[in-house]
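The values are calculated or read from the model by the stated rules, or taken from the named source; none is laboratory data. For clarity, every value in this text was computed on a predicted model and none was experimentally measured. Cβ placement follows ideal geometry from the backbone for every residue including glycine, while neighbour counts extend to all protein chains displayed.
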Amino acid sequence: MDGNYIHQPVLAGEVAELLVTDKTGVYVDATLGLGGHAIKLLSTLDEKGKVLGIDWDPEMAGLAAGNLAPYGSRAKVVQGNFANIDQLISGEHLNTIAGVLFDLGISSLHFDKPSRGFSLKYDGPLDMRINPANPLTAYSIINHWPYEQIEHLIRICGERHAGRIAREIMDKRQAKPVETTAELRTIIEKATPYHGQKTHPATRTFLALRVAVNYEFDNLTRGIQKVMPFLAKGARMGVITFHSLEDRIVKETFRFMAKMGNWKLVTKKPVAPSEMEIEANNRARSAKLRVIEKTQEAK
Ligand SMILES: C[S@@+](CC[C@H](N)C(=O)[O-])C[C@H]1O[C@@H](n2cnc3c(N)ncnc32)[C@H](O)[C@@H]1O
């Protein structure tokens, strides 16, 4: 990746406004990306306030470290999966933090780089790994998983034609392995009736593959659970989601936390971007921000 990629942070003003309750504290940006939210947080905090940024993608962590260099010791970047956020925070010798942000999914850089295989728009290898060191790829799912597992994966991600798509994949891979995003896209187009609907017929299958390759739901659940003990009384956790499946996990988890006590919902309804933000950044259109606050010291 060169330095020309841009990722516009989504709901940045709202994040700073709703997340910062102690301007001198340490905040964790669990999905650092290029550091857009981290920079917004650093500029909202006092000189004493700090940000610990985490990204699973080593390349992204390296780019973010460059972007955050002007903040000196106020910003620290670590590479890792936020599913292990407890170890990553402890590794920095921190006992408590003043807030945490999860801005889920992948960055515009990931989408725009064909060799990562995330995008329907470009031809690339069937990869989709956020951390290229992981063993599981979209290629292995498409070429090695049995019909039932592929059908189930696509169906739970909301694809009505999961059976037809899975059958067409089985059919095609008998002749030769399916190797590229363009091949998969063509297979899905052939398997599904396409009548010019707004979203491309392969959109849900591509999302399902990315979620499975990166264990995204599992990471999210673990990340939320493991960061809870580190938040100080009055500290807040914010999560930005981009599709209904992950938003449901956050909504239900936050509701459960509030019901159990020690936590209160800051946003009863998710915060959505303004029309103006969506016009300037189309990627923001499906974003939802939910925030919860710790009300008791109890772990
Ligand atoms: C939507 S982008 C974040 C953009 C960032 N907030 C900004 O303003 O530039 C999500 C980032 O989270 C990272 N990511 C996804 N899953 C992760 C995980 N389980 N642990 C750590 N980072 C993760 C991705 O590599 C990506 O850079």
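Only residues that are within 19 Å of Tyr122 (Cα to Cα), among the small types (Gly, Ala, Ser) and in a helix (DSSP H, G or I) were counted in segment 169-212, giving 2. Pairs only if they're at least six apart or on different chains, beta carbon under 9 angstrom, first in segment 16-29 and aromatic (Phe, Trp, Tyr), second in a loop (DSSP other than H, G, I, E, B) and more than 15 Å from the ligand (Cβ to nearest atom); list them, first residue then second. That search, which allows pairs on different chains as well, returns Tyr27/Val20; Tyr27/Leu45; Tyr27/Gly49. Among the residues of this structure, Gly53 does not count as one that is over 22 Å from the mean Cα position of the chain (by Cα) and buried (at least 18 other Cβ atoms within 10 Å of the Cβ). Screening Gly99 against (1) assigned to a helix (DSSP H, G or I); (2) within 28 Å of Ala284 (Cα to Cα); (3) modelled with pLDDT of 95 or more leaves a single unmet condition, (1). Filtered by the rule that a residue be of a type in the set (Phe, Trp, Tyr) and either touching a helix residue (DSSP H, G or I) at 6+ places or on another chain (Cβ under 8 Å) or away from the ligand (no atom under 13 Å from the Cβ) (or both), segment 102-114 gives a lone residue, Phe102. Could you please let me know if Asp86 is among the charged types (D, E, K, R), touching a Gly at 6+ places or on another chain (Cβ under 8 Å) and surrounded by 15 or more Cβ atoms within 10 Å (Cβ to Cβ)? So Asp86 does not fit the description; no. Report the residue count in segment 65-101 for those that are within 8 Å of the ligand (Cβ to nearest atom) and of a type in the set (Phe, Trp, Tyr). Within segment 65-101, residues that are within 8 Å of the ligand (Cβ to nearest atom) and of a type in the set (Phe, Trp, Tyr) number 1.
Starting from residues that are in a helix (DSSP H, G or I) and either on the phi < 0 side of the Ramachandran plot or among the hydroxyl-bearing types (Ser, Thr, Tyr) (or both), keep the ones in segment 69-83 and report whichever is surrounded by the most Cβ atoms within 10 Å (Cβ to Cβ). In this case the residue turns out to be Phe82. Exactly one residue out of Lys50, Lys40 is of a type outside the set (Ser, Thr, Tyr), more than 12 Å from the ligand (Cβ to nearest atom), on the phi < 0 side of the Ramachandran plot and in the same structural domain as Arg285 (by TED's automatic domain parsing), and it is Lys50. Considering segment 116-167, and only residues there that are acidic (Asp, Glu) and in contact with a helix residue (DSSP H, G or I) (Cβ under 7 Å, 6 or more places away or on another chain), the residue that is nearest to Ala202 (Cα to Cα) turns out to be Glu159.
When segment 102-146 is filtered for residues that are more than 18 Å from the chain's Cα centre (by Cα), surrounded by fewer than 18 Cβ atoms within 10 Å (Cβ to Cβ) and part of a helix (DSSP H, G or I), the ones remaining, listed by number, are Pro114, Ser115, Ser140, Asn143, His144.
Taking the listed residues Gln149, Gln225, the one that is in the same structural domain as Asn81 (by TED's automatic domain parsing) and in a helix (DSSP H, G or I) is Gln225, with no other qualifying.
Being more than 16 Å from His110 (Cβ to Cβ) and either assigned by TED's automatic domain parsing to the domain that holds Gly223 or assigned to a strand (DSSP E or B) (or both) is not true of Leu63.
Restricting Tyr215, Tyr147 to those that are within 30 Å of Lys264 (Cα to Cα) and of a type in the set (Phe, Trp, Tyr) reduces the list to Tyr215.
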